[in-house]
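Undergrad: My structure is below; once you've seen it, I'll send some questions.
None of the figures in this text is laboratory data; all of them are computed from the coordinates on show. Because the structure is predicted, anything quoted here is derived from the model rather than measured. FYI the Cβ positions are ideal-geometry reconstructions off the backbone, even for glycines, and counts take in every protein chain you see.
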């Protein structure tokens, strides 16, 4: 720019430049380089623009907004068009007309809800400070569809009405319901109303209202009315039916109270039977009956329907709890003579009693903590493992949702451990990362030293989670574990490659077998996602020859874990000289149930265990499956005993 910076002793410094040069300098300093977005972020922002306007948009406008070429926008629209079809929406593209998304407002709201849930961290919804400081351009665009103050108001109303409803919601459904209502109201305010409601939805709403009138219960229409009273405008009938529909959908659950009570009675008798043989006060364990009930309701149903029960951990259970297994088996035969209970199911029940016996041996801890984690692969499990390792004096009372923890009586716990900022007084909790860094260990030690000693009630915190929902969760966790274990593969890669090839470059060949088996529908998009993930940070497990690659995509049909072994060390990427001999690949669909995510998270957490790394590098497929089975067994035991 030919501008000089003059410095003179005793006077200071000044810029030597003409007026024109100063103008150019100011323009240069004020110029902000456009934020570089990856393909996925770019497509989400395009969708946000198209779903937020009534008229078609020109390609030039999108190109200018995103600082990319029109051919790039056109390519992104090709991908978007394929995605929209799956959600019953259509992308209209015509020369001279522009680009527009066509479809029912119902489908648009459904799709927006999926986008927000998939791409926005839950803490940005529940914590105002986090939302204000949201840096991601994609997140900012998605959050623009949600009224934060309305979210808080609706959450308080829904919480105040919880005792009137027949069942509670999981954290995921609770947050999702509030989000969907906020989203619908925001769309209506922007003149995107629901214009057509199907006859089926009308009929369902009328039938449900008639049933609730006959039963004289607090109906979903009443809940809808109370929630929508916060809206300072009159909503048309179709909108009210829409909101009642999403509320009913969130609460849909089936239950058979009679069967549950009968089974609870049998479980109590079985516990007394086991108690007489082991001479331990198992009946005093407040969590045992609930844990068994949650497990046995779906198990008995499967047995009645003659659906096979698989238990890949049966060998380990018989080996560790042989004597207890026989006691439980004899008790079940005595109390349920009309059913043939297979060894696999006896094994699962034995685990509950074995864990209860272990709990009786534990000494009381010095500090009681509640754990709060929002959605995130492996976060709660990693944190739980690390706390148990580093701070044995901390007793984890349970894993609670952010809205439950915010309302727990202070006398029921000493402090809260959270992976995110919470909408409560920061003196009530400490925020830690899932892996707990060295600095955080010091921080937590200091926190514990300054923690006031107080008398904590010996009674457990009252659980308000719906028991049937938790029973279903246990069944889902078991099924997800079995699916992962049975689908696990060890593949010796026999393709040819030179010393300069990288693992990332080999991905198309590595994925080919999974494509042939129908596990994935498309290779290139998954390769792109794995490349993007690798760019975010190291994926090599420290002090090993093992790399971890994982991603989620709509091109993946089912969760799977595959271990690839190479004949010789392979470069991880072109940026450094790191080599690996093994690659653990974890793939999952973009839309995946919570239980499968938890199991994949737990498998990820196992990589913290030295024995797991050794087993992956040196073990045969059966040994690896056995190791994973054993730890998933412990995970399921701990999850339900720890929470209960």
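Undergrad: Provide the FRET efficiency to the nearest 0.05 for the residue 69-residue 191 pair, computing r from the beta carbons and using R0 = 41 Å.
TA: Approximately 0.80, to the nearest 0.05.
Undergrad: Take residue 521 and residue 53, extend 7 Å from each Cα along the Cα→Cβ direction, and tell me the distance between the two endpoints in nm.
TA: For residue 521 paired with residue 53, the spin-label model returns 2.9 nm.
Undergrad: While we're looking at this one, here's another question. Order these peptides, 474-483, 70-79, by their mean beta-carbon neighbour count within 10 angstrom, highest first.
TA: My ranking of the peptides, most packed first, is 474-483, 70-79.
Undergrad: Take every DSSP beta bridge with both residues inside the range 469-636 and express the antiparallel ones as a percent of the total, to the nearest 5.
TA: The antiparallel fraction comes to roughly 40 percent.
Undergrad: If you don't mind, another one. Which residues in the range 543-559 place their backbone N less than 19 Å from a point set 7 Å from the Cα of residue 501 along the Cα-to-Cβ direction?
TA: From the range 543-559, the list is 546-549.
Undergrad: Continuing with the same structure: How big, on average over all directions, is the shadow cast by the Cα convex hull of the range 469-636, in nm²?
TA: For the Cα atoms of the range 469-636, the hull's average projected area reads 9.6 nm².
Undergrad: Based on the Cα coordinates of the range 384-439, what is the per residue volume of their convex hull in Å³?
TA: Convex hull of Cα atoms, per residue: 94 Å³.
Undergrad: Oh, and also: Points 7 angstrom from Cα along the Cβ direction at residue 19 and residue 634: gap in nanometres?
TA: 7.7 nm
Undergrad: If you count, for each residue, the other Cβ atoms within 10 Å and average over each peptide, how do 107-119, 570-582, 484-496 line up from highest to lowest?
TA: Ranking, from highest mean packing down: 107-119, 570-582, 484-496.
Undergrad: Let me ask something else. Highest mean first, what order results for 396-405, 497-506 on Cβ atoms within 10 Å?
TA: 396-405, 497-506
Undergrad: Express in nm, to one decimal, how much length is gained between residue 160 and residue 97 on full extension, taking 0.36 nm for each residue of separation and deducting their alpha carbon distance.
TA: 17.7 nm
Undergrad: At residue 532 and residue 410, where each label point lies 7 Å from the Cα along Cα→Cβ, what is the point-to-point distance in nanometres?
TA: 4.5 nm
Undergrad: Under Stokes-Einstein, with the Kirkwood radius over Cα pairs standing in for Rh, what whole-number D in µm²/s applies to the range 525-598 at 37 °C and 0.692 mPa s?
TA: Diffusion coefficient, whole number: 248 µm²/s.
Undergrad: Evaluate Rg over Rh across the range 45-116, taking Cα atoms for both radii and Kirkwood's formula for Rh.
TA: In the range 45-116, Rg relative to Rh is 0.94.
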